[in-house]
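First the structure, in the form of structure tokens, and then the observations on it.
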């Protein structure tokens, strides 16, 4: 039974006492920057655990910090996808607002933890996690929309201009919804089984290629925009060649601001360095008059917005099915990694039954969130990795701070003037921000790869799986002319288009090849291979008994490293033995 009297007293004390509102936290620590040439006395801040008591205002501040750190990633995906589909400014504003709204709602689901009735399964990770549109969907959409315009799914004007394609966006949503069932099914497998099928040697290269592919798109915007590649770019009242000093300089200002915020900024500034860079770049752009920064999108945006103010006709786009399945495998493994890292930063168990139940519940919620996001008119959402570092740096793993973060995201999503401001940001500023974010995705892939032991077998699998994927990322249209069929069989054309889309999506083909090779090629320790080869060469025969006796005598095992001294004694040792 709930003791309502005791609960009421706790709430009253929380809202009416200094201890409940402020506590004894050093708030200056959050806001005072590191001034150059002045020494700053190191301070030890308290750690706020998962369910520890936290002052109300501090929880709101740390929640706002989480919110600001996530905004750059939350608004990037809908803006880029809306641009790929050539949607109207009104639709783009709606999608950005809805992404913030849905991100806040689905974060509450992931932060919670529910036991599924009469089963041993859970729903939700139960730790401080923030959910947002996944970057992994961008390579799929960037390949899908050109194919849709080419095959007539999306309309094209008589002069060749690509017209808005809301139905194509609806097909992307529908495909993501259906493919999300894969992650839900996989969530009921034991975590050890999932890690065996999808180990770091498979997921690391995939994440690396996703980031590398996206950096190219962000860099195109930095230099003026992908729509005017190699031509004259028109931004506001200014017309400059693509890659002009004006565009590069404006984006470089954002880049330098991010670095300076990290070097000299306060803890809050460091957490939202990307937003500060975007803000500084936008201010400088606005200072150029009515040129780079166009405020009309802010004035045209509605005051408030909500989910389903705009709707899109759902459908299935066949060629995108297999790439989307690969996306959900990536999302699942990212979720496992993020939940593990966040649990560690939160000083919670990373082994055992409770940890495995968090993994299972988190992956289940991640899959369902992808489906719910599609039903709420947003592409698949997943756990944001940026949150892991924030938990470690702020020493705040408290779920209340996560709920405050979700609250601020929902508020920002409701007031759609904020989305209008995001759309008004000129391409060079937004491109510099997204390039930075996308590069961090590639670095995450490198970090995953670095966790493997790099045996000969691992190096071979990495080389074999990365080759076609890296080639497809560098030469995106390499497979476009492989099939020459031009008949009227729509089913056959759709099947060939699906294969083409997979081969052009470097991360997808790398993932598929990595899974197959990882399951087929056994792991053999380099030490065993090297010892056997040296022994065989010295013996001059294939005497297995002599080889094993010598290794036993020297105390060599698959887990022992060979130093040069041991290698030099092999000949003498075998002479005595044989």
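The values are calculated or read from the model by the stated rules, or taken from the named source; none is laboratory data. Remember, predicted model here, so these are calculated numbers, not experimental data. Virtual Cβ from ideal backbone geometry, glycine too; neighbours counted across all protein chains shown.
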Residue count, the range 118-140 (criterion: closer than 26 Å to residue 324 by Cα and crowded, with 24+ Cβ neighbours inside 10 Å): 13
Looking only at the range 115-157, which residues are touching a strand residue (DSSP E or B) at 6+ places or on another chain (Cβ under 6 Å), under 15 Å from residue 173 (Cβ atoms) and part of a loop (DSSP other than H, G, I, E, B)? 134
From 262, 349, 356, which residue is in contact (Cβ under 8 Å) with a residue 12 or more places away in the chain, farther than 28 Å from residue 240 by Cα, touching a helix residue (DSSP H, G or I) at 6+ places or on another chain (Cβ under 6 Å) and surrounded by fewer than 24 Cβ atoms within 10 Å (Cβ to Cβ)? 356
Have a look at 189, 147 and point out the one that is free of Cβ contacts under 8 Å to residues at least 24 places away in the same chain and surrounded by fewer than 22 Cβ atoms within 10 Å (Cβ to Cβ). 189
Subset of the range 378-402 (residues that are over 21 Å from the mean Cα position of the chain (by Cα) and either outside the structural domain of residue 272 (by TED's automatic domain parsing) or at pLDDT 85 or above (or both)): 398, 399, 400, 401
Residue check, residue 342 assigned to a helix (DSSP H, G or I) and under 30 Å from residue 45 (Cβ atoms): yes
Give 385, 341 a once-over and let me know the one that is in contact with a helix residue (DSSP H, G or I) (Cβ under 6 Å, 6 or more places away or on another chain) and within 26 Å of residue 96 (Cβ to Cβ). 385
Does the range 222-278 hold any residues that are within 20 Å of residue 390 (Cα to Cα) and not in a helix (DSSP H, G or I), and which are they? 265, 266, 272
